[in-house]
Amino acid sequence: MSDDAELLARAAGGDHTAFGALVREHTPRMYRVALRITGSAAEAEDVVQEAWLAAWRSLAGFRQESAVSTWLYRVVTNSALAVLRRRRPTVSLDDPDPQSTVDSALFAAAVPGPEGRFVRAEEVDAVLRAVGRLEVSQRVPLVLRELEGLSYEEVADVLDVNVGALRSRLHRARVALLAELRER
């Protein structure tokens, strides 16, 4: 039994400390997924809170057919998609593109020299903005597979589709992303 599975089992038995350990371990990844799906830092925070509440309520129902992390990706993805369905079209005046700010800072640190960091940050920003403009059905699998590094099987499990359907969605997402990048 993995550490996560053991923590989950203890949490299902009422151990709040074990659940807290899961929260500390998985919240950064869950936030990153929520941010990339919603494109809004404020909504991503709400999504993660909703996801953890949903996870807490359904602890006893976790069947251990998948890894705990895969289950949590599914919970946060479903919460983010629910927010998108409820969303009314708006434009934020306070935080024009929080996703690119967070991600470009992470990627820019890996490129040496100020010019390299600037160019790399610009490239990352362009790609992440293009990902954010994709249809949700394309954005979600692309975020999980390419940006979060989940395997095809894990993404298919999160999205409750077979691997063949996932590969088809990813192909359409990559084609749409390339078209979006070429337009810019």
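Taken together, the values in this text are just the output of simple stated rules run on the coordinates, not laboratory data. Small disclaimer: the values here were computed from a predicted structure and weren't measured. Cβ coordinates were reconstructed from backbone atoms using ideal geometry, including for glycine residues, and neighbour counts include every protein chain displayed.
Quick notes
- Projected label points at VAL175 and GLU135, each 7 Å from Cα along the beta carbon direction, are separated by 1.1 nanometres.
- Rounded FRET efficiency, nearest 0.05, which uses the C-beta distance separating SER151 from LEU59 and R0 of 25 Å: 0.50
- In nm, spacing of pseudo-spin labels at GLU123 and SER2 (7 Å Cα→C-beta vector): 3.2
- Classification of region 45-84 by its C-alpha gyration tensor yields a prolate form. The axis ratio a/c (a ≥ b ≥ c) is 1.5 or more, and a/b outweighs b/c.
- Under Karplus coefficients 6.51, -1.76 and 1.60, residue-wise ³J(HN,Hα) of region 167-173 in Hz, glycine/proline x: 4, 5, 4, 5, 4, 4, 5
- Shown in residue order for region 143-159 are the 3J(HN,Hα) couplings computed by the Karplus curve 6.51 cos²θ - 1.76 cosθ + 1.60 at θ = phi - 60°: 4, 5, 7, 8, 8, 9, x, 5, 6, 4, 5, 5, 5, 4, 5, 4, 8 Hz (x for Gly and Pro).
- Across region 1-95, C-alpha contacts under 8 Å between residues 6 or more apart give a mean separation that, scaled by the residue count, equals a relative contact order of 31 percent.
- Note on ALA42 and SER66: the model spin-label points, each 7 Å out from Cα along the C-beta direction, lie 3.1 nm apart.
- Computed from backbone phi with θ = phi - 60° and the Karplus coefficients 6.51, -1.76 and 1.60, the 3J(HN,Hα) list for region 175-184 is 4, 5, 5, 4, 5, 5, 5, 5, 5, 8 Hz; x is used for glycine and proline.
- For ALA67, no residue whose modelled amide H falls within less than 5 Å of its own remains once neighbours fewer than 5 places apart on the same chain are excluded.
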